[in-house]
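Down below is the structure, laid out as structure tokens.
The values are calculated or read from the model by the stated rules, or taken from the named source; none is laboratory data. The model shown is predicted, which means the values in this text are computed figures rather than measured ones. Neighbour counts run over all protein chains shown; Cβ positions are idealised from the backbone, glycine included. For the accessible areas, the whole protein counts, side chains as well, though only heavy atoms, and no ligand, DNA or RNA atoms are used. Shrake-Rupley method; radii C 1.70, N 1.55, O 1.52, S 1.80 Å.
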2 protein chains.
Amino acid sequence: MGITKTQIFTEKQNDLAQFFKVLGHPARVAILQYISNQNACICNDLVEEIGLAQATISQHLKELKSIGLLNGEIEGKSMCYCINVERWTAIQNQLNLFFNTTKSNCC
Amino acid sequence: MGITKTQIFTEKQNDLAQFFKVLGHPARVAILQYISNQNACICNDLVEEIGLAQATISQHLKELKSIGLLNGEIEGKSMCYCINVERWTAIQNQLNLFFNTTKSNCC
DNA sequence: TTTATATATTGCAATATTACGATATTAAAT
DNA sequence: ATTTAATATCGTAATATTGCAATATATAAA
């Protein structure tokens, strides 16, 4: 097997899990933190900063983009990646809804 | 490769990613939601409820236990799984800290 | 136009995850 | 003691993820 049976879950459950999954890699956590710490938007020295190959960083950025967490704008010959604040907040709210709704009724 | 380079990240980044990762599967989201909806603690009909094989459910429960999210108590011949509320809240707080700290400074 | 620089994509190897059948293990019931 | 029921573990197949070198693409600078 090896394949997740997404059909047996609700769309909400799959979406939620997808958000968690994308955030579930230390490189992607580090990338988001690094981008957020830059005052400017020139986010290209991620390769040096993080310490993974350029191809690998590019792949992680793609995954973060896939859930809409990052905006990328062409800035001359480099790319300006920045956090999509609206999406960021929306996802945070969804996760909190999950945490607040899912509460223990026992023990 | 296929192996995550945890050594190049901070412990906090790895921990955070680990929490996200464990929550990053729809079956585990569904398990947590189901347990939280039961008034009693007899959480053994997960297999019927979720629709995955017993071995698979057991594996997912193990992962949820691995980050301390579930408590398991022996209740006769079955197991009583319930959410560890203290841990649950602690993790929610850590995730929110990450979300609030990591804010956009650009665009 | 050529060169240099930044990023994306492709292809591939190594490892991880998901899922399940089969087989323990454990405790209650007979 | 044996049987039944619930859960855990083992072994294994299928698929996914991680990471990188090589290559493609695109823009600025020369």
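Among A:Ser78, A:Ser36, A:Ser104, which is at pLDDT below 95, closer than 21 Å to B:Asp15 by Cβ and among the small types (Gly, Ala, Ser)?
Working: A:Ser78 fails: closer than 21 Å to B:Asp15 by Cβ; A:Ser104 fails: closer than 21 Å to B:Asp15 by Cβ.
The match here is A:Ser36.
Quick one: which of B:Leu69, B:Leu52 is within 17 Å of B:Val29 (Cβ to Cβ), within 12 Å of DNA strand C (Cβ to nearest atom) and either within 12 Å of chain A (Cβ to nearest Cβ) or open to solvent by less than 70 Å² (accessible area, probe 1.4 Å) (or both)?
Working: B:Leu69 fails: within 12 Å of DNA strand C (Cβ to nearest atom).
When all the criteria are applied, what remains is B:Leu52.
Name every residue in region A:67-107 that is touching a residue at least 40 places away in the same chain (Cβ under 8 Å) and within 16 Å of DNA strand D (Cβ to nearest atom), in order of residue number.
If we filter region A:67-107 for residues that are touching a residue at least 40 places away in the same chain (Cβ under 8 Å), which is where we start, we get A:67, A:69, A:81-83, A:91, A:94-95, A:98.
Passing the criteria: A:Ile67, A:Leu69, A:Tyr81.
Looking at B:Leu23, B:Leu64, can you tell me which residue is open to solvent by less than 10 Å² (accessible area, probe 1.4 Å) and either away from DNA strand D (no atom under 12 Å from the Cβ) or at the interface with chain A (Cβ under 7 Å from one of its Cβ atoms) (or both)?
Details: B:Leu64 fails: either away from DNA strand D (no atom under 12 Å from the Cβ) or at the interface with chain A (Cβ under 7 Å from one of its Cβ atoms) (or both).
Being open to solvent by less than 10 Å² (accessible area, probe 1.4 Å) and either away from DNA strand D (no atom under 12 Å from the Cβ) or at the interface with chain A (Cβ under 7 Å from one of its Cβ atoms) (or both) holds for just one of B:Leu23, B:Leu64, which is B:Leu23.
Residues A:Asn84, A:Asn37, A:Asn44: which one is open to solvent by 70 Å² or more (accessible area, probe 1.4 Å), in contact with a strand residue (DSSP E or B) (Cβ under 9 Å, 6 or more places away or on another chain) and farther than 30 Å from B:Ala53 by Cα?
A:Asn44 is the lone residue from the list that is open to solvent by 70 Å² or more (accessible area, probe 1.4 Å), in contact with a strand residue (DSSP E or B) (Cβ under 9 Å, 6 or more places away or on another chain) and farther than 30 Å from B:Ala53 by Cα.
With the requirement that a residue be open to solvent by 20 Å² or more (accessible area, probe 1.4 Å) and facing chain B (nearest Cβ under 10 Å), what does region A:93-107 give you? Show your work before the answer.
Taking region A:93-107 and keeping what is open to solvent by 20 Å² or more (accessible area, probe 1.4 Å), we get A:93-94, A:96-97, A:100-101, A:103-105, A:107.
Result: A:Asn93, A:Asn96, A:Asn100, A:Thr101, A:Lys103, A:Ser104, A:Asn105, A:Cys107.
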Problem set entry | Residue selected from region A:1-17 under the condition in a helix (DSSP H, G or I) and more than 7 Å from chain B (Cβ to nearest Cβ), by the criterion nearest to B:Thr10 (Cα to Cα) | A:Asp15
For this session: Filter region B:68-102 for residues that are touching a Phe, Trp or Tyr at 6+ places or on another chain (Cβ under 6 Å) and farther than 19 Å from A:Leu97 by Cβ and give the result.
Result: B:Leu70, B:Gly72
